[in-house]
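For reference, the structure is listed below as structure tokens.
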Amino acid sequence: MNLLQTQIKPFFLFTYTFFSLLLIGIIDYLTGAQISPLLLYLIPIFFIGLHKNSSKLLIWIISFIAAIIWFLAVYHSSEYPSHIIVIWNAFVRFVVFVLFGLLLFQLNERFLKLQEVNLKLESLNFEKNKIIGVAAHDLKNPIGSIDAFATLLLEDFENDYSDEVREILGYVKQLSANSFHILGSLLDVSKIESGIIEINKKNQDYISFVKKLIIFNQLVANKKNIKLNFESNLETLKFEFDENHLSEVVNNLLTNAIKFSYLNTEVFIKLDLINNEVLRTTIIDKGRGIPENEHNKLFKYFQKTSATPTNGELSTGLGLAISKKIINQHDGKIGFESKLNEGSTFFYDLYI
């Protein structure tokens with residue numbers, strides 16, 4: 001359809017269409033067998049209906065000319081028992097041409113309006129993401145400072161406070177840490193949606209990269225006595241990927257697995273090389289799982305399922321959406337399988 005949106009003035013548009021119809025009529029007349037059927041006459045009407053410089057009046061005129069050309073070609077090349085039959089057929093074709101052209105014209109008008117609305121929405125979305133990014137960035141420093149001060153007061157002056165004060169400071173630290181995490185996610189969302197994020201791939205060992213992240217996340221898992229098990233037949237595997245952004249994906253998936261797993265359980269991280277070209281990273285937990293009717297909520301911003309973390313942990317509904325964007329920018333794909341009360345399996349594929 002975009003190919004038809006050329007900058008031709010209405011006069012030249014009319015001239016081009018007229019001679020196209022004239023050529024079709026000449027073919028009809030010379031063959032005498034009507035090898036140019038109704039469909040062939042509709043091609044110029046199709047062009048007129050979808051052109052940006054077209055109009056309803058032009059469609060009526062071209063449709064009338066098309067019907068006249070068909071009438072003349074058939075009248076002089078074929079024999080009919082009655083002229084009325086030819087006239088009637090020409091009238092029917094005229095009606096078909098007009099309806100077909102006007103229908104395309106209306107569809108094209110709606111398409112152009114939809115394009116205009118989409119451009120406005122994209123502009124508004126860009127501005128929205130920019131505002132979110134600025135606000136999140138400005139709030140991140142003071143909230144980070146509150147978290148740091150609360151940590152300092154708890155660690156260095158713990159014995160100077162009563163139990164009630166220590167409990168209040170604990171709440172302050174927890175709330176500030178949660179807010180800091182949410183703001184970090186909002187910054188990621190605004191960057192990804194605005195196209196600001198850049199993927200900088202470097203050739204490096206993926207196996208050691210994953211192992212390092214497992215060690216970090218095991219410290220979090222220890223609080224729930226959850227063991228992270230790594231399984232891979234590969235000792236090393238080097239290819240190009242963005243370590244910073246991909247670490248966010250692995251951390252999001254591991255964090256979710258830990259959040260939604262029960263105490264004293266296990267989480268499995270598996271690496272499989274498929275056909276020597278696709279590396280699949282799979283994270284399996286035996287937690288609460290996700291109801292099937294809520295699967296469509298995953299990978300969407302601020303969408304949460306009815307499944308809740310098993311130990312009251314924070315869940316923003318942003319991690320999986322961000323992970324999907326990052327994997328897509330690595331030209332990979334991400335997916336999952338989950339059943340209620342049977343756990344979840346999340347995986348992503350990267351081409352190496």
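The values are calculated or read from the model by the stated rules, or taken from the named source; none is laboratory data. A quick note: this is a predicted structure, and the numbers were derived from the prediction, not measured. Don't worry about glycine lacking a Cβ; one is built from the backbone with ideal geometry, like all the others, and counts go over all protein chains shown. Surface areas here come from the heavy atoms of the whole protein model, side chains and all, with no ligands, DNA or RNA. Shrake-Rupley method; radii C 1.70, N 1.55, O 1.52, S 1.80 Å.
Measuring with a 1.4 angstrom probe and ignoring ligands and nucleic acids, Asp349 comes out at about 10 Å² accessible. When nucleic acids and ligands are ignored and a 1.4 Å probe is applied, Phe12 ends up with an accessible area of around 120 Å².
Sorting Glu231, Glu116 by accessible area puts them as Glu116, Glu231; the probe is 1.4 Å, largest comes first, and only protein heavy atoms count. For Glu243 and Phe12, a Förster radius of 45 Å and the Cβ-Cβ distance give a FRET efficiency of 0.20, rounded to the nearest 0.05. Label zone of Thr151 (point 7 Å out along Cα→Cβ, amide N under 20 Å): in the stretch 235-260 this covers 248, 251-252, 255.
A simple rule links phi to the HN-Hα coupling: the Karplus curve 6.51 cos²θ - 1.76 cosθ + 1.60 with θ = phi - 60°, which for the stretch 58-70 gives 5, 5, 4, 5, 5, 5, 5, 5, 4, 5, 5, 4, 4 Hz, with x for Gly and Pro. Note on Asn203 and Leu57: their simple-model spin labels are 6.7 nm apart, each label 7 Å out from Cα toward Cβ.
3J(HN,Hα) along the stretch 334-350, derived from phi through the Karplus expression 6.51 cos²θ - 1.76 cosθ + 1.60 where θ = phi - 60°, amounts to 10, x, 7, 9, 7, 10, 4, 6, 10, x, 9, 10, 10, 8, 9, 10, 10 Hz, with x in place of Gly and Pro.
Per-residue 3J(HN,Hα) values for the stretch 100-111, derived from phi via the Karplus relation 6.51 cos²θ - 1.76 cosθ + 1.60 with θ = phi - 60°, read 5, x, 5, 4, 5, 4, 5, 5, 5, 4, 5, 5 Hz in sequence order (x marks Gly and Pro).
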